Each structure stands twice: as structure tokens, then as C-alpha cells.
Amino acid sequence: MGDRIAVGADHGGYFLKEELIAWLLGENYNVTDLGAHTFDQDDDYPDFAEAVAEEVSNKRATHGLIICGSGVGASITANKIVGIRAALCHDTYSAHQGVEHDSMNILCLGARIVGIELSKELITSFLRAKPLSDSRFQRRLKKLLSIEHAKFKDG
């Protein structure tokens, strides 16, 4: 399919990540598993969220998927990386609309919130969506990127 998907999860998302990677591979996606590679209840979501975000930011992956218990911490962490537009989505509308309107490039899921079947629907909506070229969405993205570059130019 050409899509390269970087996937990461802490202990809260570990088991869902394992199921989803098997499913994504079965759907012929190119998947990079950035961990956790074993269940460790003492691991920390920022480590995996940063790894996925860096992979997407550096264009080694076209999309990212981060799973933690709620998805909130993963989303907050990923958005600290320049070039990342990560969002927590638990409904299919947001999963595709975030790409279409906001050029979202990382989907965050909460494994304690969604199960395997809904996760598959969310990921499918996310991966099939394409940014819309309407001028209003481009204008908004340009403003977002301007804010990002202004805040990070000295960092």
C-alpha cells in the first residue's frame, strides 16, 4: 500500500498494539513496531510516543499510531515534536476529519476506552483519509504551521 506506519504503546496499550500490528500486517501495511516489545507495567508512555512522533516527523513513516491507557498522554507527548499533528480519536468521524481538515499524521488510541474492532475502524478511517485541498483548510494549516515554527524556531 505504500503507507509506512510507526506504532508504539506503553503497558496500557501493549496488548491492543500486538493485536493491531498483526491485523495491519494482514492488511499489507508496512509497520514499524517501536515498542513496547514486552509487557512492563512500569514503562512510560512518553518514551513510545516520542519514538513514534520522531519517526513521523523525520518522514521515516507516513503515519503514526500510539496507544496508551487513555490516549491522552500519548497525544500530549507526540504534539511536542515539530511537524506532528496527533489527536486522540474514539470515533470514526474524528479519525478521518482530523486528516482531511487538519492534516493529522498520528492517531492516538486509549486501550482502556476502545476495543479491537472499533480500533480497526478508527485506524481504517485514519489511513484512508487524505487532506482536503479546500482553501480554508490550507489557510488554517498554514496558520497552525506558522504558530509551530514561531514557537520552535529558537529551540
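I'd like to verify a number: residues in region 52-75 that are touching a residue at least 12 places away in the same chain (Cβ under 8 Å) and either among the polar types (S, T, N, Q) or surrounded by fewer than 17 Cβ atoms within 10 Å (Cβ to Cβ) (or both), how many? Walk me through it before giving the result.
Pass one, region 52-75, residues touching a residue at least 12 places away in the same chain (Cβ under 8 Å): 52-57, 60-75.
Now drop any that are not either among the polar types (S, T, N, Q) or surrounded by fewer than 17 Cβ atoms within 10 Å (Cβ to Cβ) (or both), which leaves 57, 60, 62, 70, 72, 75.
Going through region 52-75 one residue at a time, the tally reaches 6.
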The residue from Asp42, Asp102, Asp134 that alone is under 14 Å from Asp10 (Cβ atoms) and out of contact with any strand residue (DSSP E or B) (no Cβ under 6 Å at 6 or more places or on another chain) is Asp42
Checking Ile123, Ile116, Ile84 in turn, the sole residue that is crowded, with 20+ Cβ neighbours inside 10 Å and either touching a Pro at 6+ places or on another chain (Cβ under 6 Å) or touching a residue at least 60 places away in the same chain (Cβ under 8 Å) (or both) turns out to be Ile123
Scanning region 60-98 residue by residue, those touching a strand residue (DSSP E or B) at 6+ places or on another chain (Cβ under 6 Å), over 17 Å from Gly13 (Cβ atoms) and hydroxyl-bearing (Ser, Thr, Tyr) turn out to be Thr62
Quick check on Glu148: is it more than 24 Å from Leu25 (Cβ to Cβ) and in contact (Cβ under 8 Å) with a residue 60 or more places away in the chain? yes
Of those in region 1-23 that are acidic (Asp, Glu) and outside any helix (DSSP H, G or I), the residue modelled with the highest pLDDT is Asp10
Gly26 meets each of (1) at pLDDT 95 or above; (2) in contact with a helix residue (DSSP H, G or I) (Cβ under 8 Å, 6 or more places away or on another chain) with one exception, condition (2)
Selection over region 15-26 where residues are in contact (Cβ under 8 Å) with a residue 12 or more places away in the chain and more than 13 Å from Leu65 (Cβ to Cβ) yields a count of 1
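With respect to Leu107, determine if the residue is without any contact (Cβ under 8 Å) to a residue 24 or more places away in the chain and closer than 22 Å to Ala129 by Cα. If you could, list the steps in order and put the result at the bottom.
Numbers: without any contact (Cβ under 8 Å) to a residue 24 or more places away in the chain: no; closer than 22 Å to Ala129 by Cα: yes.
It is false that Leu107 is without any contact (Cβ under 8 Å) to a residue 24 or more places away in the chain and closer than 22 Å to Ala129 by Cα.
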Taking region 126-145 and keeping residues free of Cβ contacts under 8 Å to residues at least 40 places away in the same chain, surrounded by 11 or more Cβ atoms within 10 Å (Cβ to Cβ) and either assigned to a loop (DSSP other than H, G, I, E, B) or among the aromatic types (Phe, Trp, Tyr) (or both) leaves Ala129, Pro131, Leu132, Asp134, Phe137
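The values are calculated or read from the model by the stated rules, or taken from the named source; none is laboratory data. Quick caveat, the model's predicted, so the values are computed rather than measured. Cβ: placed from backbone, ideal geometry, glycine included. Neighbour counts: every protein chain shown.
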